[in-house]
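Step one of this worksheet: look at the structure below.
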Amino acid sequence: MKKILALVLALCLSLCGLTAVAEEQPVELIVFAAASMTETLTTLGDAYMEAHPNVTIVYNFDSSGTLKTQIQEGADCDVFISAGQKQMNQLDITANPEVNKDGLDFVLEGTRFDILENKVALAVPEGNPAGIESYDDLKTRLEEGKVMLAIGNADVPVGQYTQKIIAFFGLDEAKLAADGCLTYGSNVKEVTTQVSEATVDCGIIYQTDAFSAGLTVVDTATVEMCGQVIYPAAVLNISKNPEVAKDYLDFLTSEEADAVFEAVGFTPVKAAE
């Protein structure tokens, strides 16, 4: 998968080129991003640093909820890219106070925007040993207690989307867990690993993580099932390098970056409009 991303990016850069920021002083740019972006942002970060030799990007990939808590507790961070609106809203003073209950103010005014859309996928291990065909099939198997499903914890976006899917099908998560039909992961990568290692029959993850892990996707959730999966991005007002942070986000909306995102299953928001 990394070779595919590298080839896509190399082609785009050869055609489009990059505009370097004329900065001579060394800059460390700290980017907190959802775990589902690990492969793509690592590839794009290498390209950005090649074009900007004075910039070193330090990534922190984890669940959006964990990242939000780390920011709230004082971690250094220049850019935050979340896999869900809730976690960004909890740091945005302009967001609904029913979501930002603590009145947190970390988002630099005028820098927040929606960058990507993903899909919530039902993925199976190699060979699909359980023969699961769709979300409808999964519902029946869960009701019969004949399947082991891996999902994200309730405090991470993929888990929150999964809860909506479970509710959509009229299932009782607590009962499913008590019946031994569910296992949990603290972020989407942990759920993906359970599916890859075939310790479960299937897992609900993002389609981009399924692509990165070489897993088969048997179905993707509709908007009616769990809503849109939109990733917001922003520079934080605690950033020590806000101009470089803005330039980095501008790069992530470029045509060359779009090609890398699209290669693994992301949809740039501007392309979806």
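With respect to the conditions (1) modelled with pLDDT of 95 or more; (2) touching a Ser or Thr at 6+ places or on another chain (Cβ under 8 Å), N100 lacks only one, and its number is (2). When the criteria are applied in full, T193 meets the requirement of being under 25 Å from the mean Cα position of the chain (by Cα), open to solvent by 20 Å² or more (accessible area, probe 1.4 Å) and without any contact (Cβ under 8 Å) to a residue 40 or more places away in the chain. Being under 25 Å from G185 (Cβ atoms), exposed (fewer than 15 other Cβ atoms within 10 Å of the Cβ) and either within 17 Å of the chain's Cα centre (by Cα) or modelled with pLDDT of 95 or more (or both) is a property that does not hold for Q90. Test F32 against the criterion of being in contact with a Cys (Cβ under 7 Å, 6 or more places away or on another chain), at pLDDT 95 or above, open to solvent by less than 60 Å² (accessible area, probe 1.4 Å) and closer than 27 Å to K270 by Cβ, and give yes or no. Yes, satisfied. Within the option set E224, E243, being over 20 Å from I166 (Cβ atoms) and surrounded by fewer than 19 Cβ atoms within 10 Å (Cβ to Cβ) holds for one residue only, E243.
When T222 is tested against (1) without any contact (Cβ under 8 Å) to a residue 12 or more places away in the chain; (2) closer than 30 Å to G110 by Cβ, just one condition goes unmet, and that condition is (2).
Scanning the range 227-253 for residues that are out of contact with any Leu (no Cβ under 8 Å at 6 or more places or on another chain) and not basic (K, R) gives G227, Q228, V229, P232, I238, E243, D247, L249, D250, T253. Quick check, is V188 crowded, with 19+ Cβ neighbours inside 10 Å, in contact with a helix residue (DSSP H, G or I) (Cβ under 7 Å, 6 or more places away or on another chain), closer than 20 Å to V264 by Cα and not hydroxyl-bearing (S, T, Y)? Yes.
Let's see how each residue does on (1) over 16 Å from L149 (Cβ atoms); (2) modelled with pLDDT under 95; (3) polar (S, T, N, Q):
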residue	(1), (2), (3)
S196	no, no, yes
V200	no, no, no
I204	no, no, no
Q207	yes, no, yes
L215	no, no, no
C226	no, no, no
Y231	yes, no, no
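Under the condition of being open to solvent by 50 Å² or more (accessible area, probe 1.4 Å), within 20 Å of S196 (Cα to Cα) and either assigned to a helix (DSSP H, G or I) or among the basic types (K, R) (or both), the residues counted in the range 142-180 number 1.
For the range 53-87, the candidate set comprises residues that are touching a residue at least 40 places away in the same chain (Cβ under 8 Å) and assigned to a loop (DSSP other than H, G, I, E, B); within that set, the residue that is surrounded by the most Cβ atoms within 10 Å (Cβ to Cβ) is A83. Looking only at the range 248-266, residues that are open to solvent by 40 Å² or more (accessible area, probe 1.4 Å) and either in contact (Cβ under 8 Å) with a residue 12 or more places away in the chain or over 15 Å from M49 (Cα atoms) (or both) come to 3 in all. Of all residues in the range 1-29, those that are among the small types (G, A, S), under 25 Å from K119 (Cα atoms) and at pLDDT below 55 total 0.
The values are calculated or read from the model by the stated rules, or taken from the named source; none is laboratory data. Bear in mind the structure is a predicted one, so any value in this text is a computation, not a measurement. In this analysis, Cβ positions are derived from the backbone assuming ideal geometry, glycine residues included, and neighbour counts consider all displayed protein chains. For accessibility, only protein heavy atoms count, side chains too; no ligands or nucleic acids. Shrake-Rupley method; radii C 1.70, N 1.55, O 1.52, S 1.80 Å.
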